[in-house]
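**Q** Supplied in C-alpha cells, the structure appears directly below.
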Amino acid sequence: MTRGEASLPVSSALPIDQRLILDVSTLVRWSGPPVGIVRVEAELARFSLRTRPDVDFVYFDNRTSCYRLVRRDIVQALVDGEVVVNMAGIPDPRAIVRDYLSSTLHRTDRWLLPIRRPRRFLIGALESLRLRMPAGALEQTIGRVQTLFFNKRYRALFFDAQHRRRSFVPLEGIFNGDAILDSNATVFMPGADWNTKDPAALAELKRRHGFLIVMVCHDLIPIKFPHFYTSRDVEVFTNYYRSSLHFVDRFICVSRRTARDLHDFARSEGQSMTDFRVERLGANASRPPSGVKELAPSLKPRHYALFVSTIEPRKNHALLYRIWLQLVSRGIPASTGFKLVFVGRPGWNTEALMSEIAADKRLAGTIVHLGDVDDVALSELYRHASFCVYPSLYEGYGLPIVEALSYGRAVIASSAGSMPEVIQDFGPCLDPTDDEAWLAQLEEWITDPKAVGIWEAKIAARFQHPTWEEASRKYLQHASDRLRVLPSDQSP
C-alpha cells in the first residue's frame, strides 16, 4: 500500500477467491509502439502472461456488448508488437451525433468497406489469405503483392522500426469464445476505457452477471481542463467517469494527485467514494540489445535535450519552441551543437505549431521531431540524452519523467499536477507558464554540463523506483485482494 493511502475512504471489500480477468481492449485497438496508458496495459498483460496462468484476457465487443476471451498467444503477440488487429468496420462505442446520411453510412460501414475503403479491404483480404498459407514461397509472394498497395501509413502498420513484419489479423481471429462472467469474477480494466466501451452497456452487463470491476484511474484532465480537448471528447470522458462512479467496485489511482482529483469529481457529482488504492506505475531502463542502430546522424550523444510525449496542446511544446528561439537568438545551440528532440506521435490541435516549427528557418534543424519510435530506439535516445524536459501543463502521473530518471538522466519538470510528486527531489520543478524560468534553466544546463552532473549524481546515489514487474505484481494484487474498511469521512 502506498504511503498516504490510509487517507483514502474505503467502505467495501472484494472477496479473496475471485477469478481475475484482465481487460485488454485498449491494447487490442492500438497499433504502433505503446505509449502512456497503452504501455500500462501492455506491461500488466506481459506480467500476467508470464506469472499468472489463472488470469483470462478479454476484449469488450461493442457490437454485442459482451466480453470475449482473447487468445493468450494473441495477447503475447500484441505485447511483443508482432500483431495489429484489423478494426475496420467496428463501431465506435462513443456517443456521436451524426446526420441521417452519416449515421446510415456508419451502421453499414462493415458491409460497405470494399466500396468505401477498397485499399484497406484489399490489404486485409490478402493478409487473411497470407496467414492461412504455410510458411514458404506462396506465403512470401502474397506478402510481396500486398506491399504493392501500401502507402506510408500501411508500411508503418505492417513493419516496425527494425523492419520486422507484423501480422494484420481480423478481429474475429483473436477470440476464444465468450468470457465466463459471474459473481466469482473480477474484471480489471487498466486502459483507456472511455474510448473502448459504452458505459451504459458495461453497467448493464455487470448488473446481469454480477461480476466486480476494478478500474485504473490515470487522470481526470479532460474534466479539469476541457479547453485542451474537443467538446465531444470532453463529453464522452465526463459521461464515462460519471457513470463509473456507480458501477466500479474499486479504483486504483496512479498518484495521490489523481486520487484527490477523482475524489473531488465524485463529490461534485454528489457521490461518496467507496474504494481507493494508490499505486505508482513501473519503469525499466532496458539494456541495449546487440545490433542496435546508432542515433540518427543529426544527433550527437549528450548534445540534446529530450522531450517524450504525444504532441498535444497540454504537453506545452509551444513553450519550448518560444524558449528555443530565444536560445537561438543568443547563439547557444550554434555554439554548443545542442539540439532539442521531440519524441511522440502527433495528437490534436497542434498541426499549426508543428508546421510552423518545421518551416522556421531560424531553427536551422536544431529542433528534431521523431514520430513512431519503438522501445529500442527510445532506450537509446534516453541513454544518450544530455537531460530531459517535461513542461506539461498538467499530468495525472508523468511516466516519461520516471523513465528518464531510471536511465540516470536529469529532468526539468513542470510544477503542475502530479509531477512534483513523481520527480520528488531529483530535479527542478518550474511553473509551466513561466518562460523566463525555463529559459534560464535550459541555458544553464546546456552551457554548464557540471550543473546537470550534480543532479545525475543525486539520481545515481538515491533514486529508486518499482520496475514494471514489481508494479504489475502490486496492481494485480490490488485488483484481487480484500480491502480494509476505513472511516467513510476520510478523504484524499
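Throughout, read-outs are computed from the coordinates displayed, never taken from laboratory work. Predicted model, so just to flag it, every value in this text is computed and none were measured. Note: ideal-geometry Cβ built from the backbone for every residue, glycine included; neighbour counts use all protein chains shown.
**Q** Summing Lys, Arg as +1 and Asp, Glu as -1, what charge do residues with Cβ under 12 Å from the Cβ of D219 carry, D219 excluded? Display every interim value, and only then the final one.
**A** Numbers: positive: K224, R257, R260, R314; negative: D261, E395.
Once all neighbours under 12 Å are counted, the net charge is +2.
**Q** Follow-up question, since we're still on this one. Between H369 and R72, what FRET efficiency follows from the Cβ-Cβ distance if R0 is 41 Å, with the result rounded to 0.05?
**A** Details: r = 37 Å, r/R0 = 0.90.
E between H369 and R72, to the nearest 0.05, is 0.65.
**Q** Report the local net charge at A416: Lys and Arg +1, Asp and Glu -1, summed over other residues whose C-beta lies under 9 Å from its C-beta. Numbers along the way, then the final one.
**A** On the way: positive: none; negative: E395, D431.
My count for the surroundings of A416 gives -2.
**Q** May I ask you to order 67-79, 410-422 by the average number of other C-beta atoms within 10 Å around their residues, highest value first? Don't jump to the answer; show the numbers that get you there.
**A** Working: 67-79: 19.9, 410-422: 23.3.
So the peptides 67-79, 410-422, ranked by packing, come out 410-422, 67-79.
**Q** Dipole magnitude of the chain about its Cα centre, charges +1 at Lys/Arg Cβ and -1 at Asp/Glu Cβ only, in debye to the nearest 20?
**A** On the way: 63 positive and 57 negative charges, 250 e Å.
Computed about the Cα centre, the dipole is about 1200 debye.
**Q** May I pose another question? Among bridges DSSP assigns within the chain, what percent are antiparallel (round to 5)?
**A** On the way: 7 of 46 bridges.
Once the DSSP bridges in the chain are tallied, antiparallel ones form about 15 percent.
**Q** Here's something else I'd like to know. Of the listed peptides 124-137, 365-378, what is their order by residue-averaged count of other C-beta atoms within 10 Å, with the highest listed first?
**A** Details: 124-137: 13.2, 365-378: 16.9.
For the peptides 124-137, 365-378, the packing ranking is 365-378, 124-137.
**Q** First check a/c for the chain, with a ≥ b ≥ c the square roots of the eigenvalues of its C-alpha gyration tensor; if it is under 1.5, answer rounded, and if not, answer prolate when a/b is larger than b/c or oblate otherwise.
**A** oblate
**Q** Is there a quick way to get the dipole size of the range 254-388? I mean about its Cα centre, with the Cβ of Lys and Arg at +1 and of Asp and Glu at -1; what is the value in debye to the nearest 20?
**A** Numbers: 19 positive and 14 negative charges, 120 e Å.
Here the range 254-388 has a charge dipole of around 580 debye.
**Q** Could you calculate the FRET efficiency of R322 with T230 from 1/(1 + (r/R0)^6), where r is the beta carbon distance between them and R0 is 22 Å, rounded to 0.05? Each step should come with its number before you reach the end.
**A** Numbers: r = 25 Å, r/R0 = 1.13.
The value I calculate is 0.35.
**Q** I'd like to compare 353-364, 439-450, 208-219: which one has the highest average count of other Cβ atoms within 10 Å, and what's the full order after that? Spell out each step's value before the answer.
**A** Details: 353-364: 12.4, 439-450: 15.6, 208-219: 20.8.
Ranking the peptides 353-364, 439-450, 208-219 by packing returns 208-219, 439-450, 353-364.
**Q** Which one of P134, M354, S65 has its Cα pushed farthest toward the positive end of the charge dipole of the chain, where Lys and Arg give +1 and Asp and Glu give -1 at the Cβ?
**A** The one lying farthest along the dipole's positive direction is P134.
**Q** P(r) for the range 338-492, please, calculated from all Cα pair distances in 5 Å bins and given in %.
**A** 1, 7, 13, 17, 20, 16, 9, 6, 5, 3, 1, 0, 0
**Q** Using 0.36 nm per residue of separation minus the Cα-Cα distance, give me the extension gain between E444 and D425 in nm, one decimal. Intermediate values should be presented prior to the final figure.
**A** Working: separation 19, 0.36 × 19 = 6.84 nm, distance 1.87 nm.
Full-extension gain reported as 5.0 nm.
**Q** Another question about this same structure. List, in the order given, every pair from K197/K474; K224/K361; K224/K300 whose Cα-Cα distance in the structure shown is over 29 Å.
**A** Numbers: K197/K474 25 Å; K224/K361 37 Å; K224/K300 40 Å.
Exceeds cut-off: K224/K361; K224/K300.
**Q** Here's something else I'd like to know. Based on the Cβ-Cβ distance from E139 to R50, what FRET efficiency comes out when R0 is 25 Å, to the nearest 0.05?
**A** Details: r = 30 Å, r/R0 = 1.20.
Rounded to the nearest 0.05, the efficiency is 0.25.
**Q** Using Cα pairs closer than 8 Å and at least 6 residues apart in sequence, work out the relative contact order for the chain, in percent. Provide the component values of the computation, followed by the final result.
**A** Details: 833 pairs, mean separation 98.9, N = 492.
Computed value for the chain: 20 percent relative contact order.
**Q** Work through the residues other than T366 whose Cβ is under 13 Å from its Cβ and net out their charges, Lys, Arg +1 and Asp, Glu -1. Don't skip to the end; give the middle numbers.
**A** Working: positive: K300, R330, K339, K361, R362; negative: D360.
With Lys, Arg at +1 and Asp, Glu at -1, the neighbours total +4.
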